[in-house]
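**Q** Okay, here's the structure, questions in a sec.
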Ligand code: GUN
């Protein structure tokens with residue numbers, strides 16, 4: 001794991017990932033770099049980790065400081081170690097249905113749906129938020145499972161017009177209280193990916209949980225819903241990566 005600077009939320013996420021690795025028996029190292037680190041130093045570190053056969057997963061915690069060329073950083077990670085699935089090669093692979101690593105948060109959402117026995121095929125899914133980390137890969141993964149998917153920007157002119165038709169509503173907009181009960185179809189499945197810290201320090205999602213839980217058939221809480229799944233899927237991807245590495249070694253020998 002590579003953590004640049006002192007973003008408090010990123011520090012919490014990385015700590016959670018470190019603890020999860022320890023609990024699962026995965027050896028993790030955290031490289032903490034100064035927020036003024038130069039692009040070259042970061043690139044050199046990634047190049048070293050790419051070449052290290054004892055490393056099976058490389059994660060650069062986002063966001064990065066503005067002076068860092070994020071695209072170049074992500075494209076320097078070896079696609080075979082890109083357990084976040086953010087390398088352009090892996091994004092393209094996801095688009096074309098040849099997935100190398102599924103991005104962890106949408107992967108966690110798919111696993112939640114599978115675990116609860118919620119069918120996706122033929123369902124109307126609305127994803128609110130179109131980020132590269134969640135909204136876009138989420139839509140692709142559900143399309144690959146034969147759902148009909150609409151992506152809405154959080155600023156959509158009449159968001160409710162779209163959300164009300166959703167059998168499955170995935171919200172990843174970063175706007176506390178964006179989704180209220182009248183915007184949700186009765187019996188819908190509501191997945192809240194938002195993590196927002198209010199001024200009083202309270203962590204809330206993008207969905208008015210109290211109101212929407214009276215209309216939804218299923219709803220995920222924040223905290224404690226999608227967040228722990230994201231961390232879990234990171235571990236799953238890392239183990240998958242290690243297994244591929246050793247399988248390839250066996251084939252070669
Ligand atoms: N920042 C917010 N979510 C993520 C994630 O899934 N991976 C990384 N690397 N950074 C993030």
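**Q** Which whole-number percent is the relative contact order of region 11-96 (Cα, under 8 Å, 6+ apart)? Walk me through the numbers before you get to the answer.
**A** Values: 51 pairs, mean separation 20.2, N = 86.
For region 11-96, the relative contact order is 23 percent.
**Q** Quickly work out the residue 158-to-residue 242 label distance, labels modelled 7 Å from Cα along the C-beta direction, and quote it in nm with one decimal.
**A** Spacing of the two 7 Å Cα→Cβ label points: 5.3 nm.
**Q** Ok, one more. Which residue, 166, 181, 66, has the most motion in a Gaussian network model of the chain that connects Cα atoms within less than 10 Å?
**A** Result: 66 has the largest fluctuation of those listed.
**Q** Rounded, prolate or oblate: pick one for the chain, where a ≥ b ≥ c are the square roots of the eigenvalues of its C-alpha gyration tensor, a/c under 1.5 means rounded, and failing that, prolate if a/b is larger than b/c, else oblate. Don't skip to the answer; put the middle values down first.
**A** Working: a/c = 1.97, a/b = 1.53, b/c = 1.29.
Prolate, because a/c is 1.5 or more and a/b exceeds b/c.
**Q** Does region 103-176 come out rounded, prolate or oblate by the C-alpha gyration tensor, with a ≥ b ≥ c the root eigenvalues, rounded set by a/c under 1.5 and, if not, prolate when a/b is larger than b/c and oblate if not? Mind dumping the intermediate values first?
**A** Numbers: a/c = 1.84, a/b = 1.31, b/c = 1.41.
Oblate, since a/c reaches 1.5 and b/c is not below a/b.
**Q** Hey, another quick one. What do you get for the angle between helix 8-24 and the principal long axis of the chain? Use alpha-carbon atoms, 0 to 90 degrees, nearest ten.
**A** The two axes meet at around 70 degrees.
**Q** Let me ask you something else. Could you tell me how far the Cα centroid of region 190-241 sits from the Cα centroid of region 7-37, in Å?
**A** Spelled out, the Cα-based centre of one part sits 20 Å from the other.
**Q** In addition: Percent relative contact order of region 185-253, based on C-alpha pairs within less than 8 angstrom and at least six residues apart?
**A** About 31 percent, as a whole number.
**Q** Among rounded, prolate and oblate, which fits region 105-227 when a ≥ b ≥ c are the square roots of the eigenvalues of its C-alpha gyration tensor, a/c under 1.5 means rounded, and a/b larger than b/c means prolate?
**A** Numbers: a/c = 1.35, a/b = 1.30, b/c = 1.04.
Rounded, because the longest to shortest axis ratio a/c is under 1.5.
**Q** How far is helix 104-115 tilted, in degrees, relative to the longest principal axis of the Cα atoms in the chain, given as a value from 0 to 90 rounded to the nearest 10?
**A** Tilt of helix 104-115: around 50 degrees.
**Q** Here is a follow-up. Counting each DSSP H run of 4 or more residues in the chain as -39500 (n - 2.57), what helix-only mean residue ellipticity at 222 nm follows after dividing by all residues, to the nearest 500 deg cm²/dmol?
**A** Mean residue ellipticity, 222 nm, calculated: -12500 deg cm²/dmol.
**Q** Something else: Label points 7 Å out from Cα along the Cβ direction at residue 22 and residue 50: separation in nm?
**A** 3.2
Taken together, the values in this text are just the output of simple stated rules run on the coordinates, not laboratory data. If you're wondering where the values come from, they're calculated on a predicted model, not measured in any experiment. Positions of Cβ are generated from backbone atoms using ideal geometry, with glycine treated the same way; all protein chains shown enter the neighbour counts.
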